[in-house]
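As structure tokens, the structure follows; a few thoughts come after it.
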Amino acid sequence: MVKYALKPTVTLLIAYPTYNTWHIFLGLLFSALGDAFLMLPSEQMFVPGLLSFLIAHIFYIASFDSPTRVSWPAVPLVLFAAAMLHGLWPGVANEDTVVQIGVVVYVFAIVWMTYKASLTGNMVLATGTVLFCVSDSVLAWSKFIQSYEWSEFVVMLTYYAAQLCIATVHC
């Protein structure tokens, strides 16, 4: 029961100092909503949770002050997206079409967020988005392929570190 109250509350506490940076604040609010959806035991809450985090990442991307151009970080990030989708697909293929499309869109959104952060030149922000990639990769692998004892710990550690990195840059 504590987990259900604590997880979204911590995200909201991270959000509080960002109230004057509305893209980040809204991103953190949608993250807290995604936290709440994904904690519910119903599998039907996965898509609303995924959508909430997708919206959060769109708000984060909108907050990054960086030009859109092709640069070297694009190559490893595209390879990462391709490898993740390839590795996840055996499990994702068993899901309905909405989940399949959602996973593909989400992978590209988080990679785009990481790419945009890399173009800002801010290492804390870039580190935060890479940590988000780690968190979401472990979470997706655990959901669709195989879960490990340490999965939830790694997900939570990297997730909160990612949120703190992104929020503190904008405070």
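For the chain, give the magnitude of the charge dipole about the Cα centre (Cβ charges: +1 Lys/Arg, -1 Asp/Glu; no others), in debye to the nearest 20. Intermediate values should be presented prior to the final figure.
Values: 5 positive and 8 negative charges, 66 e Å.
Dipole about the Cα centre, nearest 20: 320 debye.
Which of the peptides 75-81, 96-102 is most tightly packed, and how do the rest follow, going by the mean number of other Cβ atoms within 10 Å of each residue?
Working: 75-81: 15.0, 96-102: 13.1.
So the peptides 75-81, 96-102, ranked by packing, come out 75-81, 96-102.
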*From the residues L77, L125, L50, which one has its Cα farthest along the dipole of the chain in the positive direction, the dipole being from +1 and -1 charges on Cβ of Lys/Arg and Asp/Glu about the Cα centre?*
L125
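Where does the chain land at 222 nm, in deg cm²/dmol rounded to the nearest 500, when only DSSP H runs of n ≥ 4 count, each adding -39500 (n - 2.57), divided by all residues? Each step should come with its number before you reach the end.
Details: 7 runs with 134 residues, N = 171.
Dividing the helical sum by the residues of the chain leaves -27000 deg cm²/dmol.
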*asked:* Classify the stretch 7-90 from the C-alpha gyration tensor, please: rounded if a/c falls under 1.5, else prolate or oblate depending on whether a/b exceeds b/c.
replied: oblate
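Which shape class applies to the chain: rounded if a/c is under 1.5, otherwise prolate when a/b exceeds b/c and oblate if not, where a ≥ b ≥ c are the square roots of the Cα gyration tensor eigenvalues? If you can, show how the numbers build up before the last one.
Details: a/c = 1.71, a/b = 1.11, b/c = 1.54.
It is oblate, given that a/c is not under 1.5 and a/b is not larger than b/c.
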*Using the Kyte-Doolittle scale, which helices in the chain average at least 1.6 and also have C-alpha atoms spread 24 Å or more along the helix axis, with helices defined as whole DSSP H runs?*
46-63, 74-92
*For the chain, give the percent of accessible area contributed by carbon and sulfur heavy atoms, probe 1.4 Å, rounded to a whole number.*
73 percent
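Per residue and in Å³, how big is the convex hull formed by the alpha-carbon atoms of the stretch 93-171?
On the way: hull volume 6.5 nm³, N = 79.
Cα convex hull per residue, to the nearest whole number: 82 Å³.
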*Just grab the label-to-label distance for M156 and S142, each label 7 Å out from Cα along the Cβ direction, in nm (one decimal).*
0.9 nm
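The values are calculated or read from the model by the stated rules, or taken from the named source; none is laboratory data. The shown structure was predicted, so the numbers you read here are calculated from the model rather than taken from an experiment. In this analysis, Cβ positions are derived from the backbone assuming ideal geometry, glycine residues included, and neighbour counts consider all displayed protein chains. Ligands, DNA and RNA are stripped out before the accessible areas are found, and what is left, the full protein with its side chains, is counted by its heavy atoms. Shrake-Rupley method; radii C 1.70, N 1.55, O 1.52, S 1.80 Å.
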